[in-house]
Each structure stands twice: as C-alpha cells, then as structure tokens.
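The values are calculated or read from the model by the stated rules, or taken from the named source; none is laboratory data. On a predicted model such as this, the values are computed, not experimentally measured, just so you know. No Cβ is skipped: glycine too gets one built from the backbone with ideal geometry, and neighbour counts run over all protein chains shown.
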Amino acid sequence: MTDARTNMRLKLPATCFILEIILIILFGVLVVYDDDTDSQLFNKHHNTSHGHSDYENDFYYRYPSFQDVHVMIFIGFGFLMTFLQRYGFSSVGFNFLVAAFSLQWATLMQGFFHGLHHGKIHIGVESMINADFCTGSVLISFGAVLGKTSPVQLLVMAVFEVTLFAVNEFILLTLLGTRDAGGSMTIHTFGAYFGLMVTRILYRPNLDKSKHKNCSVYHSDLFAMIGTIYLWMFWPSFNSAVTEHGDAQHRTAMNTYYSLAACTLSTYGMSALTAHDGKLDMVHIQNAALAGGVAAGTAGEMMLTPFGSMIVGFLAGIISVLGYKYLSPVLESKLRIQDTCGVHNLHGMPGVLGAIVGAVTATVASKEVYGHGMERVFPDVANGSRDAYFQGGVQALSLAITLGMAIFGGLAVGFILKLPMFGAPADNACFEDSIYWEVPGEEEAGHEEQMTAVRTEESEKLSA
Amino acid sequence: MTDARTNMRLKLPATCFILEIILIILFGVLVVYDDDTDSQLFNKHHNTSHGHSDYENDFYYRYPSFQDVHVMIFIGFGFLMTFLQRYGFSSVGFNFLVAAFSLQWATLMQGFFHGLHHGKIHIGVESMINADFCTGSVLISFGAVLGKTSPVQLLVMAVFEVTLFAVNEFILLTLLGTRDAGGSMTIHTFGAYFGLMVTRILYRPNLDKSKHKNCSVYHSDLFAMIGTIYLWMFWPSFNSAVTEHGDAQHRTAMNTYYSLAACTLSTYGMSALTAHDGKLDMVHIQNAALAGGVAAGTAGEMMLTPFGSMIVGFLAGIISVLGYKYLSPVLESKLRIQDTCGVHNLHGMPGVLGAIVGAVTATVASKEVYGHGMERVFPDVANGSRDAYFQGGVQALSLAITLGMAIFGGLAVGFILKLPMFGAPADNACFEDSIYWEVPGEEEAGHEEQMTAVRTEESEKLSA
Amino acid sequence: MTDARTNMRLKLPATCFILEIILIILFGVLVVYDDDTDSQLFNKHHNTSHGHSDYENDFYYRYPSFQDVHVMIFIGFGFLMTFLQRYGFSSVGFNFLVAAFSLQWATLMQGFFHGLHHGKIHIGVESMINADFCTGSVLISFGAVLGKTSPVQLLVMAVFEVTLFAVNEFILLTLLGTRDAGGSMTIHTFGAYFGLMVTRILYRPNLDKSKHKNCSVYHSDLFAMIGTIYLWMFWPSFNSAVTEHGDAQHRTAMNTYYSLAACTLSTYGMSALTAHDGKLDMVHIQNAALAGGVAAGTAGEMMLTPFGSMIVGFLAGIISVLGYKYLSPVLESKLRIQDTCGVHNLHGMPGVLGAIVGAVTATVASKEVYGHGMERVFPDVANGSRDAYFQGGVQALSLAITLGMAIFGGLAVGFILKLPMFGAPADNACFEDSIYWEVPGEEEAGHEEQMTAVRTEESEKLSA
C-alpha cells in the first residue's frame, strides 16, 4: 500500500493542467508582442527611418544577459540545492517545474502591474528577464522549505508569491521610483524573508526524524558546486540585465565582478577561521561566496567604484559565513525557523546590506560624479523632482516596505500551505526523493566480475 | 585474450585519420573565408563606406546564439545520454567525437549544396551554426542506437547522414523555399526517423542479455539532467540562431521560451498521471519537457503569438510522455525498433507536430499581421511569387519529403552498418563503457580507515 | 589531535584577509572606471556626438566573450581537475579561491604595466578579460602541482606568478609588438613551464605513498568531462576575446573552432592507437582534445585559413597524446617533474607549437592577403616600421623570452613555496580533500531498507 497523502497521481496533474490552461487563456486574452518582437511594428519603423538598423532591436542589447540569467535560474538555483544526498531529483526537478510555471505567471502579473497598453501586456526580451527575476525570488523561498514540501505546495506558493512580488515591485519601482536593478530588495530580501516566514509556519518539531538525510555526500556536494559556480560567474549579468544600456550595464557588471571576487576571499578566510579543525566547510563555499552578488544588487549600477564594490563584497562574505555558523542554529532553536539552504545568510542579510549600501550610495550621488549619466541612473534626481537625499530616503523606505510585504505575505501563504490536501511529506520522509520520484537503485555490485564473465564468454565465442 | 572484434586499436585510428586527412584536403581545396571573416574583404568595405561599423559584422548578431547552440550539441546532447549507469564515458565521449567530425563534414556538404561561389565554399558564423545544426541531427540518430554501436559505426553513420541531411535541407530550403528556421523537419524529424530506421535494421533479438545495464542509477540521472536543462534553456537560441536579424530572431526566441515553459507543466502533469504510484518518472522529465522546443522549430519565427506557442508546447509535452509510456514498448515489441533514448518521443512526433503547426501557421499568414516583415519571414509570399496557401502546402510537402529521405536513408545506412568489421559490441556487452574505454574502478572501500591511519601517522611524526 | 602543520585555521584566514585588504587599498588609490564604464565620461560623448549609439560601448563587443572566458576559468579549469577520486572539493574549491584572488591582483599588475593614465588604472570589460586570461595562466600552473599544495601555497604562488605574467606580457605585447591574442605564449607556455618548474622544486620522492589516490573513479571522470567540454566549446571565444573588433574576432573564433574539431579526431585516433588493448583513455580525451585551442592561440587571428587551422589542431592532438603516453613518465622518472594534470602535454608543447605557427604565419603575411586589415593584425608591419620577416623574428624571440621568464620564475617561486609555514600536505596525504575540507561520508548503506521502513510506518499510521 502506498501513502495516499503524498501520492501525486491526481493532485499534481490537476494542478499543472489547471494552472497551464488558465495561463494559456490569459495569454490569449491579454498578451501581445511588443514593438521589437512584432513583425509589423518593428518593420514599420525599419522601412521609414533609413538610419534604422536591426541592431536597435533590444534583443541584441539584452539577450546574452537574459541567457546568463536563465542559466542562473535553472542550473544555478537547481544544482545549488542538490547538495542533499537523496534530494537531487527534487532539487533540480521541482526547481525546473516551479520556475517554468513562475516565469509564465510572472509575465502576466508584472505586465499587469507595470502598465497595460490599451488593455494588453506587451512582451519582449526585457519582460522575459523580469519574469526570470521574479522566478528567482520564488526559488529563493524554495530554498528555505527545501525537502519539506510537495510539488503542489510549491506551485501554490508560487502563485501567491509571484503576485505579491509584482505588487511589491510595482510599489518600489513604479510608485516610489526606487532603483534596484539587481534586486537586492525586490528579489533577494523579498524572496528570503517570504520563504523564512513560510518555513516558520510550516515548522516541524519532529524534523529530526529525517536528520540523517538532511546532509550531503561527497558527490552531491560536487553537483552543488556546479550551481554555485554558475551563479557566481553570471551574477554580473544578473545585476546588469535590466539597467540602462551603455555605461550603466557595463559598470554594473564590473562592480558585481569585483564584489564577488572580494567576497570569495573573505568567505574562505571566515570558513577556515570558524569551522571545525581549521578546515573549510562546503556549505560556506557553496553559499557565502555568492553574497557579494546579492549585496551589489542595488548599488551595482551606481558609481559605487570598484573599490566600494570590493568593500561591500568583503563584508557580505563575512556576514554570510557568520550567519551560517552562529545565526542559523539560533533561528532554528529559538525562532523555530528551519531554513534548509540557509537563505537568510545568502539572500536575507546580504540583501538588506545591499539595500542599505544602495540607499547610502544614492544619498551621495552628485552631478559632478555622474554627469549626464544622472538621467539614466537617477532620473528623478536629474530632472529635479527630488534631490539625492530624498532618493536615499526612498531607497531606505523601500527596504522597510519589502520586509513588511515579505513577512506578512509569507505568514499568510504559510498558513495556506498547511492544508493537508497539498501532500506534504511526513516528518520521517523529508529530504527524500523516493516520495515523489521513481528512484533507480545504486550501481550494482559485482560489476567487474560480470564484465570478466562477458569477456570470457566472448573470447570463447571468437576462438570457437 | 581480448575481443578482436570490438578492439579499436587499428579500426578507430584508421577511421579518424583517414576522415580527418580527407577533410583537411577538401578544406584546402574548397573552403575560403567569407566577407565577414576575411581580412581583406571586410576591411575593403570598412574603409570605403564611412558609415560602416564593425557591428555590421555578422559575428555580433549571431555569435552568442552560436555559442548557445554549441553548448546544446556538446553538453546538452552529450550529458542527456549519460543516464545509462555504465555508459557515461561513451555517451559524452562518442557524442564529442561524432560531433567534432560531423561539424567539419557538414561545413563541406552544406557549403556544396547551398551554393558555391566561384567553386569555393564561403564560411563564417552562420555556416558554423548550420554545421552544428546538421551535427544535432546526427546526434539525435545516435540517441536511437545508443549503447549498441561502436565509435567506428557512428562515424560511418555520420558520413552518410550528414550528406543526406544536406541534400534534404537543399531540397527544402533552397528548391522549395520552405521555412524551417529551428529545424522541426530538417533536424528533428529527419534525425529521429533516420535513427529509428538504423536501429530497426540493427535490431538485436537478444538485447535483453544487457538489460540490467540498460537503465539509470541515481547519479547518472543527475548527470543527464545537466544535459536536459542546458537543452531547455538554450532552445530559444537554437530556434532563433539563423532566422533573419531583428524582430524575427527576437520573436523566435520568445515563442520558444513560452512553448517550453508550457511543455514543462504538461510533462510533469502527464508523468505523475501515467507513472507507477503517482510518482514522477525521470525519463519523462529529462526528455518530454524538451518537446516544446522541437515543436516550435518551424513556426517559431512566424507570428505564432505567445498564446499559440504555449498551446503547441502544451500538446508536445502530452504527446511525448504518452509516447514514452505507451508507444515505445509497442515499437520495440511489434516493430522491432529498439530506441534507447526514445528519440521518437522527443524528436520524432514533436518534430512532425512542429512541421504541421508550421504549415498551418504559414497558411494563415497575411500582410495585415506581418506588415513589411512579410519579406523576411515569407519572402516568396511577400514578392507575390506564391500565396500563403501555397506556402502552407509546400511546408506540408516538405514534411513528407523529409520523412521519405529519413526512412529510406536510414534503412540503407543501417545495412551498411551491419558489416562486422565496424566492431559492434556483442549482445551481452551493450550499454557498457568498458568495451571501448579504460574504465577506472569505483571508489575504494575503507577510505575513512585509511585516512585515520594517515592522521595518526602524521600526529606521531609531529609529536616526535 | 590534528596535524598542526596543515591546519589552516589561522594561516588561510590571515592570508586571505591580508591579501584582500591590500587589494582593496590599492584599488582605492589606483583604479578608476574607464571611458565606457564611467557615467560622466561615457555620457559626455553620448550627448555631444549625435551619431553616437550605446552600441559603441565596448561592453556589447566583448561581454559575451568575457562570459565564455569566465566559464572556462571557473567551470572549465575547475572541473577539468576533478578527475582525482578524492580531490574534487579542492580542485573546484581552490581553483575558485585562487582565481578570485588572481583576477583582482592581475587587474592591478596588468594595469600598472600596460600603462597608467595620470597615475590611474582604467578598467572595463577588456581589462576584465585580460585579468581572467592572467588567472588562466596561474590555473595552468596549479594543474602541475595539483594535490600536493596547500591553499596558502597556491595564493603565494599566484602573487608572484601574476606579477611575472604581467611583466612578460608587457615585454611581449607592449615593448616588442608581439601578436598573441589567444596567449599561446603569454598564457599557455608561460603557465605550463612556470608550473613545471615549481613542481620540480617541490619534488616529492615519496609521493607513491599517495599513489592509490592519484587516479580517477568513474564519476570523477564524468565531472572532469564537464570541464573538458566547456573548455573545448568556449575556446573560440577565448582566442578571439581581445582581438580587434570585426573580422579579426570573427576569424579567430572560426579558426579555433576548426582547429579544435581536427584535434579531437587525432586525439581519439592516437588514444586508441597507443592505449592498452585498443581502448580509449579518458586522460587523453579530457586533455589532448583541447590542444588544438592552445595551438591556435597566436595564429588564430591571422589569415591562417580553416585549412591551416585544421592542420595545426591535428598535429597538436597527436603531440599531446604522445606526450601523455611517452613523455610524462620520463619527465617524472628522469627529470623529477611530477606533473599531476600533464600540463606539459596540454599547455606546454601545444603552446610552443602555437608560438612557432604564429611566427611562421607572421613571416608570410602580405598586403595582398590582408588588405587594409593588415593595420589591425600587424599594425607595425602595416605602418612600415618593420617588415613581415622581422615580425616573424620578434614572434620567435618572444617564445624564447617567455620560456626564460617561466623557467627562472618558476624555479624561484618553487623555492619560496618550500617554506614549511605554508602548510603543504604530507607525502601520504596528497590528493586528499579531507586534509583541508570537512568531508561528508559516502551515501549511507541500507538506504532502501530504511525507505521501506518509512513507508510501512506511514501506511500503518494512515490505516490507523
């Protein structure tokens, strides 16, 4: 007899089909090509203005960045979570499913909030990047609940989280004029605290029944390093993907590059300093070395200077390792927050750091430093509708709003996910693929003996 | 004594060296740089026309797409096939060898058929993409015969298949004016049915002798997911790599992105619905989730709309899972087609679906929808030499031609590959790396005891 | 009791923090944004010249190449070295640490030697690529000493090697006007012979105590293939990353593509010909198949023709396999050079071959072949300050200088690294992660029994 509660035969197909059919209907009603993807619209301009070149299509400015972001979402997040010994299928596989749903839903939600054009949502490469960004936020929350949730719970979480993400992003970027190109606030802080609240509500006092599976093995740590390294390498593309063209995109990528490099050195130093026996801890390397990318998410497009970026990254690595070493155990024992991947240390605290750095950097922005580029980085300051101090204040306020949205949203969604019909695993079956996947056996023993037999048989045949 | 038949000491070097020397000679005689790669030709234009910019070099339009396609060919196809427990070296390694040969041979064959310039083949980034595309078709066929063929057989198959691919592509794209930018017909349908016919002729009634190796283990499935995810992520680049610049490239990438996302949801739903115990089956996730890319290969560049793309992807995922579940066993038992990777489900049926969708979308194409872009997507319709219905008919005819070429070509090549000198493995040695590779042992037992011994020894040395 | 000598609790944090703080201070004093990353400078041009487009920002010419190079440095080199059975954490992890340090230090050293602007180092995407290139050279040397050095030794090696690299590069590219876009000399020859000399000085007569760990297991070879394939795929981007825009970048990528393809066929042929039992050897495939990229590093940007590139790649593969098979054992037994990854065969000899090919190709360069492009590939020849023969002689001289710098530099740095305080592992603890890392256990035995127990328990609960 199988476990009826976690059996997905009807629940998962029903969820997938209903969601996808709703998506298809809404896309049919609401979504159209934008000026750069529509055959008629792009070629109208093309034929009237003679100086016009195919290069002006936003595709060529943004598609390489999009692909790097895409790799981070599907390979980066997916493999980073394969560190658990028996949860590799679910880590990559549920990441894949949740991301494929979220990017479609995000297209609608972001399109709806960021402005309809005559009742239609216009899409192109920039909306694709933004959809991937929103998806990233959902995957951060997934990291907090990893191993303890069914795929149906994750899809339901995504439905709500994408919606709230779009509302928060709308408040920040559209209403308040906040700058947050790499999403220290909108993506990382939001996703982390949302996920932490969900896992708080889903607290399992008897999770130690699955304790022996809540750790890595040698090869699973190597798979996880694939995720880490891809996230690390492409973070410059992530932070710069939707900045203004030209110097802003260029500068953001470079600031992030140096922030990450500095972060890596402080992470290795802190790991050896704090870990048992002076040995390096893979958890720190896999996660804290990325905090420099998170922390450069807001200020990366600003004139932070490489020097400033390195300081930010250096601090982010230190904070993150300390979080893994000292704060996570306290969160679990005192606050009952079971944060499987430690998203508080990789996305939460570094996200808040990034928001603060962004607020400070905005405050000191001046025409002397930015020149005409001020219009691109701080349009509201450049056009005189606010001064730099005010912009800095708005940035700080945005952090508070994001924390509020994430915390209350996460709490509410946590309660929804507690409904038993969503098929959460039992306490002693967490961190275990075989609840939701057909899992093959391990490599058969006695393989070499078999092969010897094969060869002997063949030899006999040939000599016969 | 070793098995003389599968011993590659002379066969493989002879094949590799003879093929490569022929390639080098033919390149020396026939191949020259095109206008964008030749120092003299590119800079001639450069110096006379003042408005000319380095950006007009096709490199900047196509090289990022090329690299994504390249990753699909070598990492995507290579790792997708590592799911077998003892065939990882061969999957990645023979994929590597066959692809490295095929891309050179394809440069010649495609250059020959698609038009010589004063007896010379002109090459640049677009020909590189086309060579990779043709290679992809060979690798699809490789998937059908995976585990049952020697590297020499694979190279011989590639010699013939690349040639036939180029003929078929010439008939479709050049003679008939068929549109098939992402190769639903030329690449996927052709490669799948060609491979299925080859494996039909190579039918092994006693393949169950290797049955215990024709399945995955836990880690091999994770390696395969690397292939899956890379194919999935970069498929938008694949379908858009050789479309017209500008909106066409942009639109194709976006249509494919949404087709794949929808396909992923239907794949997960169908997998849970049809699999044992309501659990997800890795074979479905690794393969069927990609069918949305295949099915958007022809219509992706057309004004399919995101909505239409999602419907296509959604159907492709359903068809593909059903194929794995119900059709593949029948193909093997009734038609004697042993399709190791299930290429019929991933490339065959979704390719046919893509061709049909392309034909229908072409039929309904109108100036009202495409505007001046009609010249770029359907040049023959735009210039009045045919109407949209006729174009749709040509598209449908092209599918029939492709199926015919693939089936008869595959049958003929299958008979050639039966020659014993090519070193096919015995029935009980299929799906086994150690026939063709020096395979290391598994991780030594007792590792921890050893390390304890090491540390004790060192401690003693230090305290001495 | 733990081993005090290899304990990294204080050594590694001290090294990381001191180095990073020095880097931050020097960046603060010396480094500023260049014209394309500075908000004021880029937008000044932008607003005065009306024809000016954001596309003229070097970011769009070079960033996709940069990301490919970045992947080669962190994934390519990192995973290529994971072939050792118990050294995967260190291979990827120390590669990560050393690279993150080196790219920062290289920014300073290369900026210092290649020209300060009013006492400042100007940085942008091209300097980022150059920093990654220099890092690549350090990682090649790492390959020679892999498994036998502590992370502190590696960081110290990087400090000196980056400095010497920058000096050598300055002599070649700036003083002598040598052409070496893909770094056959500056990167590969330099890195290989530097590393070989370091490992010569660090010779361990009793290394056979760790012999049983100095080999691969099945899965570690598959992880290594991830590194190989990424290096192979992105090598065209590597060689073309800092060439002139336009045809030069395009041509270099294409020449490298064909060189690598030809190299792969000769590698497979030679491997089967020379290996035991006619079977392929993973060491050859993982390494020698890349030699075609190394050998096309200097001449790749020249009018080498695809035909010439294929000959170069073909020879490189042959030389490299022969080196692994016959030369490496001699280097170890006679010259006492213990070259863990065989960098002499992958980077050393192919690098020298590439330098020679470059010298010959430069010698035969003519205005008839290059046209106005001569100014871009050989500016000194185009402006008449030297003739092609002289350029060829300079290329040959540059090889000699590079070999001299690498050999003497490597010897000197080797002696520094012998200082016991740097924490090298004992002879019987080489090739072993657990000296420097907290290593998890292997997958627990009896997993399936446990799961059965879990399911039974759950069933009972549900039926209760």
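Is it the case, given these coordinates, that residue B:136 is small (Gly, Ala, Ser) and either under 22 Å from residue B:378 (Cβ atoms) or in a helix (DSSP H, G or I) (or both)? It would help to see each step written out before you state the result.
Values: small (Gly, Ala, Ser): yes; either under 22 Å from residue B:378 (Cβ atoms) or in a helix (DSSP H, G or I) (or both): yes.
Taking the combined requirement at face value, the residue satisfies it.
Taking the residues in segment B:411-438 that are among the β-branched types (Val, Ile, Thr) and within 23 Å of the chain's Cα centre (by Cα) as candidates, determine which candidate is farthest from residue B:82 (Cα to Cα). Break it down into steps so the answer makes sense when it comes.
Our first condition is that a residue be among the β-branched types (Val, Ile, Thr); within segment B:411-438, this holds for B:413, B:416, B:435.
Next, only the ones that are within 23 Å of the chain's Cα centre (by Cα) stay: B:413, B:416.
On the way: B:413: 25, B:416: 27 Å.
That would be B:416.
Need pairs with beta-carbon distance below 6 Å; first residue at pLDDT 95 or above and within segment B:156-182, second of a type in the set (Asp, Glu); sequence gap 6+ or separate chains.
B:177/B:380; B:181/B:301
Return yes when residue C:305 is on the phi > 0 side of the Ramachandran plot, more than 7 Å from chain B (Cβ to nearest Cβ) and not charged (D, E, K, R) and no when it is not. Walk me through how you get there before you give the answer.
On the way: on the phi > 0 side of the Ramachandran plot: yes; more than 7 Å from chain B (Cβ to nearest Cβ): yes; not charged (D, E, K, R): yes.
Yes; evaluated as a whole, the condition is true for this residue.
Tell me, please, whether a residue that is surrounded by 24 or more Cβ atoms within 10 Å (Cβ to Cβ) and of a type in the set (A, V, I, L, M, F, W, C) can be found in segment B:106-118.
Looking through segment B:106-118, at least one residue is surrounded by 24 or more Cβ atoms within 10 Å (Cβ to Cβ) and of a type in the set (A, V, I, L, M, F, W, C).
Among C:322, C:353, which is the only one that is part of a helix (DSSP H, G or I), within 22 Å of residue C:407 (Cβ to Cβ) and either among the hydrophobic types (A, V, I, L, M, F, W, C) or out of contact with any Gly (no Cβ under 8 Å at 6 or more places or on another chain) (or both)? Quick ask: steps written out before the conclusion?
On the way: C:322 fails: within 22 Å of residue C:407 (Cβ to Cβ).
Selected residue: C:353, the only one of C:322, C:353 that is part of a helix (DSSP H, G or I), within 22 Å of residue C:407 (Cβ to Cβ) and either among the hydrophobic types (A, V, I, L, M, F, W, C) or out of contact with any Gly (no Cβ under 8 Å at 6 or more places or on another chain) (or both).
Test of understanding: among A:58, A:54, A:35, which residue is more than 28 Å from the chain's Cα centre (by Cα), within 8 Å of another protein chain (Cβ to nearest Cβ) and of a type in the set (Asp, Glu)? Walk me through how you get there before you give the answer.
Working: A:58 fails: more than 28 Å from the chain's Cα centre (by Cα); A:35 fails: within 8 Å of another protein chain (Cβ to nearest Cβ).
That would be A:54, the only listed residue that is more than 28 Å from the chain's Cα centre (by Cα), within 8 Å of another protein chain (Cβ to nearest Cβ) and of a type in the set (Asp, Glu).
Could you check, for segment C:1-15, whether at least one of its residues is at the interface with chain A (Cβ under 8 Å from one of its Cβ atoms), among the acidic types (Asp, Glu) and at negative phi?
no
Report, ordered by the first and then the second residue, all pairs with beta carbons closer than 9 Å, sequence separation of six or more or different chains, a first member in segment C:205-217 that is over 18 Å from residue C:149 (Cβ atoms) and facing chain B (nearest Cβ under 9 Å), and a second member that is in a helix (DSSP H, G or I) and of a type in the set (Gly, Ala, Ser).
Listed pairs, sorted by first residue: C:216/C:224.
Yes or no: residue A:394 within 14 Å of chain C (Cβ to nearest Cβ), part of a helix (DSSP H, G or I) and either farther than 30 Å from residue A:267 by Cα or among the small types (Gly, Ala, Ser) (or both)?
Details: within 14 Å of chain C (Cβ to nearest Cβ): no; part of a helix (DSSP H, G or I): yes; either farther than 30 Å from residue A:267 by Cα or among the small types (Gly, Ala, Ser) (or both): yes.
Judged against the criteria, residue A:394 is not a match.
Scan segment C:264-293 residue by residue and report those that are over 18 Å from residue B:423 (Cβ atoms) and either touching a Ser or Thr at 6+ places or on another chain (Cβ under 6 Å) or more than 10 Å from every other protein chain (Cβ to nearest Cβ) (or both).
Of everything in segment C:264-293, those that are over 18 Å from residue B:423 (Cβ atoms) and either touching a Ser or Thr at 6+ places or on another chain (Cβ under 6 Å) or more than 10 Å from every other protein chain (Cβ to nearest Cβ) (or both) turn out to be C:284, C:286, C:287, C:288, C:289, C:290, C:291, C:292, C:293.
What number goes with the only condition from (1) closer than 16 Å to residue A:70 by Cα; (2) buried (at least 24 other Cβ atoms within 10 Å of the Cβ); (3) of a type outside the set (S, T, N, Q); (4) under 18 Å from the mean Cα position of the chain (by Cα) that residue B:241 does not pass?
(1)
For the structure I just gave you, tell me whether residue B:362 is more than 14 Å from chain A (Cβ to nearest Cβ), part of a helix (DSSP H, G or I) and touching a residue at least 60 places away in the same chain (Cβ under 8 Å).
Working: more than 14 Å from chain A (Cβ to nearest Cβ): no; part of a helix (DSSP H, G or I): yes; touching a residue at least 60 places away in the same chain (Cβ under 8 Å): yes.
When the stated conditions are applied, residue B:362 does not pass them.
Got at least one residue in segment B:197-208 being within 28 Å of residue B:59 (Cβ to Cβ) and crowded, with 22+ Cβ neighbours inside 10 Å?
No, segment B:197-208 contains no residue that is within 28 Å of residue B:59 (Cβ to Cβ) and crowded, with 22+ Cβ neighbours inside 10 Å.
Residue check, residue C:311 against (1) within 25 Å of residue B:152 (Cβ to Cβ); (2) crowded, with 24+ Cβ neighbours inside 10 Å; (3) at the interface with another protein chain (Cβ under 8 Å from one of its Cβ atoms), all met but one. Which one?
(2)
Just to be sure, is residue B:276 surrounded by fewer than 24 Cβ atoms within 10 Å (Cβ to Cβ), out of contact with any helix residue (DSSP H, G or I) (no Cβ under 6 Å at 6 or more places or on another chain) and farther than 17 Å from residue A:16 by Cα? Break it down stepwise before answering.
Numbers: surrounded by fewer than 24 Cβ atoms within 10 Å (Cβ to Cβ): yes; out of contact with any helix residue (DSSP H, G or I) (no Cβ under 6 Å at 6 or more places or on another chain): yes; farther than 17 Å from residue A:16 by Cα: yes.
Yes: the conditions hold for residue B:276.
As an exercise: evaluate residue A:385 against (1) touching a residue at least 40 places away in the same chain (Cβ under 8 Å); (2) farther than 19 Å from residue A:144 by Cβ; (3) more than 14 Å from chain C (Cβ to nearest Cβ); (4) part of a loop (DSSP other than H, G, I, E, B) and give the number of the one condition it does not meet.
(1)
Restrict the check to segment A:68-87 and report whether at least one residue is surrounded by 23 or more Cβ atoms within 10 Å (Cβ to Cβ), small (Gly, Ala, Ser) and either farther than 24 Å from residue B:253 by Cα or at the interface with chain B (Cβ under 9 Å from one of its Cβ atoms) (or both).
Checked against the condition, which is being surrounded by 23 or more Cβ atoms within 10 Å (Cβ to Cβ), small (Gly, Ala, Ser) and either farther than 24 Å from residue B:253 by Cα or at the interface with chain B (Cβ under 9 Å from one of its Cβ atoms) (or both), segment A:68-87 yields at least one hit.
Return only the number of the condition from (1) within 25 Å of residue A:309 (Cβ to Cβ); (2) surrounded by fewer than 21 Cβ atoms within 10 Å (Cβ to Cβ); (3) modelled with pLDDT of 95 or more that residue A:375 does not satisfy.
(3)
If you check residue A:451 against the conditions, is it more than 24 Å from the chain's Cα centre (by Cα), at pLDDT below 95, surrounded by 13 or more Cβ atoms within 10 Å (Cβ to Cβ) and not β-branched (Val, Ile, Thr)? So that I can check it myself, show each step before the final result.
Working: more than 24 Å from the chain's Cα centre (by Cα): yes; at pLDDT below 95: yes; surrounded by 13 or more Cβ atoms within 10 Å (Cβ to Cβ): yes; not β-branched (Val, Ile, Thr): yes.
For residue A:451, the condition - more than 24 Å from the chain's Cα centre (by Cα), at pLDDT below 95, surrounded by 13 or more Cβ atoms within 10 Å (Cβ to Cβ) and not β-branched (Val, Ile, Thr) - is met.
Could you tell me which of the residues C:220, C:237 is touching a strand residue (DSSP E or B) at 6+ places or on another chain (Cβ under 7 Å) and either closer than 16 Å to residue C:182 by Cβ or more than 7 Å from chain B (Cβ to nearest Cβ) (or both)? It would help to see each step written out before you state the result.
On the way: C:237 fails: touching a strand residue (DSSP E or B) at 6+ places or on another chain (Cβ under 7 Å).
So the residue among C:220, C:237 that is touching a strand residue (DSSP E or B) at 6+ places or on another chain (Cβ under 7 Å) and either closer than 16 Å to residue C:182 by Cβ or more than 7 Å from chain B (Cβ to nearest Cβ) (or both) is C:220.
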